[in-house]
Amino acid sequence: MNIMQIEVKVGRAESESAEVLVLTHCEGEGLGKQDAATIDKALSGSLSELLRSKEFEGKAGETLLLHTHGRVPAKRLLLVGQGRRKDLTLDSIRQAMGQAVKRVRQAKAGSFAAACPAVTPKGRSLIEVAQAATEGAILGGYQFTAYRSDDAAGKDIAGMTFLTSQKAQVRQLTEGIRRGVATAEAAVFVRDLCNHPSNVMTPTRIANEAKAIAKEEGISLKILEQKEMEQLGMGALLGVARGSHEPPKFIILEYNRARKKDERPVVFVGKTITFDTGGISLKPAENMEHMKADMTGGAEVLASIRAAARLKLPIRLISILPVAENMPGGRAMKPGDIVKTLSGKTVEVQNTDAEGRLILSDGLAYAQRYNPAALVDIATLTGACVVALGQFAIGMFGTDDRLKEQVRKSGLKAGERVWEMPLWEDYFEQLRSDVADMRNIGGRGGGMITAALFLSKFAGDYPWVHLDIASTDWSERERAYIPKGPTGIGTRLLIQYLIDRSL
Ligand code: BES
Ligand code: MN
Ligand code: ZN
């Protein structure tokens with residue numbers, strides 16, 4: 001997908017010539033003194049008539065398109081509902097813009113203009129509003145057409161003009177758009193990687209994607225091949241990779257634009273299983289194709305470091321991806337096998353389908369080399385997370401209250417909310433093994449928790465947060481700015497955390 005061009009323009013909506021002019025409206029309100037009121041006059045009161053008759057009320061998700069027949073320079077007007085003013089959040093703006101873009105595309109328009117939302121959610125800045133509008137517009141238009149030979153999906157929209165009547169707003173709007181483009185194009189990148197099937201998006205292809213990203217200014221790259229992993233003793237990652245013909249990769253990217261020399265970095269670790277069959281503990285056939293997206297965490301930490309570089313954030317960031325394909329095969333790991341992890345701890349592999357925590361244990365142990373100021377891992381880790389949280393919350397665990405609070409706030413701002421779960425040591429009894437330091441499954445009950453507790457044993461004493469994105473990773477239906485299928489949720493949270501941290 002091509003990312004649309006977005007520009008800011010100082011001007012009045014009633015004199016803007018556009019294919020479609022988008023006006024957002026809050027439910028239950030009149031036209032006030034805004035752009036809409038002037039346009040209403042030019043249209044001899046059609047807008048107020050629509051509101052009076054309740055044909056358009058401004059409810060969230062509502063859209064109405066009308067032709068102007070030359071009475072204003074814009075060919076068509078698109079009214080988009082934002083819901084009630086008192087309930088307005090950044091996400092209402094994202095959703096309204098997502099709906100708008102879909103309707104504009106349906107109308108076969110190639111570009112559109114949007115008046116800057118007149119109301120700002122409580123406590124939010126104009127920069128944040130512009131960022132959210134940009135994200136909604138780009139992400140709402142997302143489509144994955146790489147393997148389609150028809151053009152049924154419709155053309156990408158080429159451009160959007162963001163209108164403001166106040167020259168003083170231009171700087172903030174421009175900054176918001178800059179951030180919004182960076183976060184949205186990162187999420188688009190993640191969706192694409194997750195949509196590509198596993199016969200294309202192999203560990204080697206992931207390594208090639210990392211190489212492309214390392215061309216960005218300020219990013220350096222190191223890729224460990226199987227031999228080096230053996231020398232280092234990454235028995236957990238190697239164990240998972242054994243059943244596959246695809247060689248595993250261990251990818252480390254570093255970005256440094258920190259103001260201080262020797263600044264302790266933020267380290268992201270992302271689970272990157274290019275396909276999860278379950279291995280010898282084979283998964284059932286139904287929905288197994290979703291497991292092509294079991295590399296979402298890795299794609300997200302890859303996208304985040306690219307975004308940090310493009311935004312020139314004054315931080316030091318390391319992104320680590322343990323990459324493998326989880327397959328059954330003649331040489332595959334078997335239940336009961338014991339692996340020695342990079343940390344030195346041994347693990348009895350009671351279930352080869354609990355592979356995410358294995359590869360992450362080596363990823364987290366490696367991360368400790370960087371003496372991280374904050375260590376965050378992100379993973380499509382457990383089916384239990386889906387059961388516990390459904391589609392609307394990421395599972396969060398962590399050892400550091402400040403870091404958890406920062407992640408929680410950034411998630412709320414990004415519209416990718418986290419919900420904290422307990423990381424109590426009591427649960428460790430479920431992970432005890434008779435023959436090794438621990439086993440890789442926790443038995444009945446608390447599956448998301450025992451997985452997180454397993455990981456905690458490899459994070460050292462660093463401020464650490466674990467995000468289980470199995471719940472949000474794949475959407476069963478299309479939403480305002482979230483497509484059916486891979487969502488990329490988590491990407492904008494990570495980047496927002498980096499932005500908020502560097503302000
Ligand atoms: N990748 C899966 C988790 C998953 C499930 C992600 C559904 C997205 C949607 C993970 O590797 C897995 O298979 N976990 C097992 C762990 C179990 C064997 C302890 C699970 O949750 O069933
Ligand atoms: Mn699995
Ligand atoms: Zn998995």
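Using a 10 Å cut-off around each Cβ, can you sort V266, V435, V119, V323 from fewest to most neighbouring Cβ atoms?
Details: V266 26, V435 9, V119 17, V323 29.
Arranged by neighbour count, lowest to highest, V266, V435, V119, V323 become V435, V119, V266, V323.
I need two numbers for the stretch 5-164: Rg to one decimal and Dmax as a whole number, Cα atoms only, in Å.
Both quantities, over Cα of the stretch 5-164: 15.2, 48 Å.
With a 10 Å Cβ neighbour count serving as the proxy for reagent exposure, in which order, fewest first, do M234, M421, M229 appear?
With the fewest neighbours first, M234, M421, M229 line up as M421, M229, M234.
Principal axis extents for the stretch 340-379, Cα atoms only, whole Å, descending order, please.
Principal axes ranked by extent give 34, 22, 8 Å for the Cα atoms.
So which chymotrypsin sites (Phe, Trp or Tyr not before Pro) in the stretch 132-208 pass both tests, a DSSP loop state and at most 14 other Cβ atoms within 10 Å of the Cβ? It would help to have the intermediate numbers written out before the result.
Values: sites: Y142, F144, Y147, F162, F189; in loops: Y142, F144, Y147.
In loop regions of the stretch 132-208 (DSSP not H, G, I, E or B), the sparsely surrounded chymotrypsin sites (Phe, Trp or Tyr not before Pro) are Y147.
How long are the semi-axes of the equivalent ellipsoid of the stretch 188-502, taking √(5λ) for every eigenvalue λ of the Cα gyration tensor, in whole Å from largest down? Mind showing how you got there, number by number?
On the way: eigenvalues 136, 89, 86 Å².
Ellipsoid semi-axes (Å, largest first): 26, 21, 21.
Using only the Cα atoms of the stretch 372-444, each taken as one equal point scatterer with no solvent, compute I(q) by the Debye sum, divide by I(0), and report log10 of the ratio at q = 0.12, 0.13, 0.21, 0.28 Å⁻¹.
With no solvent term, the Cα-only Debye profile gives -0.42, -0.49, -1.08, -1.35.
Where both residues lie in the stretch 5-164, what percent of DSSP beta bridges are antiparallel, nearest 5?
That works out to approximately 20 percent antiparallel.
To two decimal places, what compactness ratio does the stretch 127-210 give when its Cα radius of gyration is scaled by 2.2 N^0.38 Å? Please report the intermediate quantities before stating the final value.
Values: Rg = 16.4 Å, N = 84, 2.2 N^0.38 = 11.8 Å.
Dividing the Cα Rg of the stretch 127-210 by 2.2 N^0.38 Å gives 1.38.
Using only the Cα atoms of the stretch 138-284, build the gyration tensor, take square roots of its eigenvalues as a ≥ b ≥ c, and label the shape rounded, prolate or oblate: rounded if a/c is under 1.5, else prolate if a/b is larger than b/c, else oblate. Can you show the working numbers first?
Values: a/c = 3.02, a/b = 1.42, b/c = 2.13.
The shape class here is oblate.
Which trypsin sites (Lys or Arg not before Pro) does the stretch 173-235 hold that lie in a coil by DSSP with at most 16 other beta carbons within 10 Å? Display every interim value, and only then the final one.
Details: sites: R178, R179, R191, R205, K211, K215, K222, K227; in loops: K215.
Filter output for the stretch 173-235: K215.
If you average the C-alpha positions of the stretch 118-140 and of the stretch 96-112 separately, how far apart do those two centres end up, in angstrom?
17 Å
Neighbouring Cβ atoms within 10 Å as the yardstick, rank W419, W424, W464, W474 fewest first.
On the way: W419 14, W424 10, W464 26, W474 22.
Arranged by neighbour count, lowest to highest, W419, W424, W464, W474 become W424, W419, W474, W464.
What number, rounded to the nearest 500 deg cm²/dmol, is the helix-based mean residue ellipticity at 222 nm of the chain, given -39500 (n - 2.57) per DSSP H run of at least four residues and division by all its residues? Numbers along the way, then the final one.
Numbers: 14 runs with 168 residues, N = 503.
That calculation yields -10500 deg cm²/dmol at 222 nm.
Could you tell me, in Å, what Rg and Dmax come out for the Cα atoms of the stretch 397-438?
15.0, 46
Run through the stretch 29-120 and list the GluC sites (Glu not before Pro) located in a DSSP loop whose Cβ has at most 12 other Cβ atoms within 10 Å.
Working: sites: E29, E49, E55, E57, E62; in loops: E29, E55, E57, E62.
Counting only loop positions with at most 12 other Cβ atoms within 10 Å, the GluC sites (Glu not before Pro) in the stretch 29-120 are E55.
Report the Cα centroid-to-centroid distance between the stretch 67-81 and the stretch 434-498 in angstrom, as an integer.
First find each Cα centre; the distance between them is then 45 Å.
Could you list, bin by bin from short to long, the percent of Cα-Cα pairs of the stretch 241-388 in 10 Å steps?
Calculated over all Cα pairs of the stretch 241-388, the distribution is 11, 38, 32, 15, 4, 0 percent.
Using Cα pairs closer than 8 Å and at least 6 residues apart in sequence, work out the relative contact order for the chain, in percent. Show your work: numbers first, answer last.
Values: 1195 pairs, mean separation 73.5, N = 503.
So the answer I get is 15 percent.
Only the coordinates and a few stated rules stand behind these numbers; no lab work does. Note that the structure is predicted; figures quoted are calculated from it, not measured. Glycine also receives a Cβ, built like all others from the backbone with ideal geometry; neighbour counts cover every protein chain displayed.
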